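Input: a single structure, listed below in structure tokens.
Since every read-out is calculated from the coordinates, none of them should be taken as a lab result. If you're wondering where the values come from, they're calculated on a predicted model, not measured in any experiment. Cβ atoms come from the backbone with ideal geometry, glycine included; neighbour counts cover every protein chain shown.
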Amino acid sequence: MMEPLISVYIPTYNRLELLKRAVQSVQNQTYKNFEIIIVDDNSSDGTQDFLVGLTKVDSRIRYFFKDKNSGACVSRNIAINLAQGELITGLDDDDYFLPHRLEFFLDYWVNKKREDSIALFTSNIKSEKSNQAKEHSLFSKKYFKKDDLLFANYVGNQIFTETKTLRQVSGFDESFCMWQDLELWYRVGDLGNFEHVDKPTYFFDTSHLYGRISEAKSEKIFKTVEQFSEKNQLNNFKKRMLNNHLYNYKVIHKDRFANFIKEILKLSIIMRNFFK
């Protein structure tokens, strides 16, 4: 099997102990030809000293320190621009890889990926605050087009693709206060399908006391829905599909819930034919 360099980008901010776990999970990969690019969003918890020491013992690790805090997606874009790998995937600093993730992705990419697929993704293993882990999956099919993502972010928070693909679509839109991953995947979807690989290799951790990078308040969600719709010039039908995300964030007022469910049921019937 070919052994191309795979870039793994990790944005981080003041979560040193979790970052150590994330980095170690990449170092422990069964596939060894990788680089780790860590972009520190001006942490004050000793992260910089840790990374300086880490690069002295592992030449596969590179870091970038930001002189001011500017958000995770600015960090991700810096990493994408610095990446030297032919292939790329991301890792949040509070999550971690299972040991075979890179090897599994690469083997599938080289030997099994459908020609019209632009990116691969897997379901996640999600750790709840109850300390119980379970597979988190939304999948009823294998291939997803960009407009499927309007109904739900089936792809999740990470993809495996060619580095040039993320650069071709100009990376993450830093003006979004949330949904940056969904918005980027929607643009990546102009280039091909997303292919679901039925083997969870990513541990999505919500059991710790730190906030997730993507947590947001209701007003931010409504603002983002409008911003997403305007940027991507969604028609009324597609806007209605996108509104399904509001239910996922539990921001629908109870007196509107019944009507909202009726709308979703109508959409699901239409989509059976629309996305065949």
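Quick notes on this structure:
- Near the amide H of Ser117, within less than 5 Å, lie the amide hydrogens of Asn193, all on another chain or at least 5 residues away, with H placed in the peptide plane.
- Listed from fewest to most Cβ neighbours within 10 Å, the set Arg101, Arg76 follows the order Arg76, Arg101.
- Karplus-derived 3J(HN,Hα), 6.51/-1.76/1.60, for each residue of segment 19-30, Hz, glycine and proline x: 4, 4, 5, 4, 4, 4, 5, 7, 4, 8, 5, 5
- Between segment 1-25 and segment 220-247, the Cα center-to-center distance that results, in Å: 32
- Applying Stokes-Einstein at 37 °C and 0.692 mPa s to the Kirkwood radius of segment 3-137, computed over alpha-carbon pairs, gives a translational diffusion coefficient of 209 µm² s⁻¹.
- Annotation: amide H of Tyr96 within the under-5 Å range of Phe203, Asp205, sequence separation 5 or more or interchain, hydrogens built in the peptide plane.
- Each of Glu103, Glu226, Glu195 was scored by other Cβ atoms within 10 Å of its Cβ. Listed from fewest to most, they are Glu226, Glu103, Glu195.
- For segment 74-117 versus segment 148-188, the gap between their alpha-carbon centres in whole angstrom: 13
- Radius 12 Å from Cβ of Val225, net charge of other residues (Lys, Arg +1; Asp, Glu -1): +2
- Partner aspartates and glutamates whose Cα lies under 16 Å from the Cα of Lys239, excluding those fewer than 8 positions away in the same chain, are identified as Asp147, Asp148, Glu183, Glu226, Glu230, Glu263.
- Nonlocal amide H pairs with Phe34, under 5 Å, H built at 1.01 Å: Ile6
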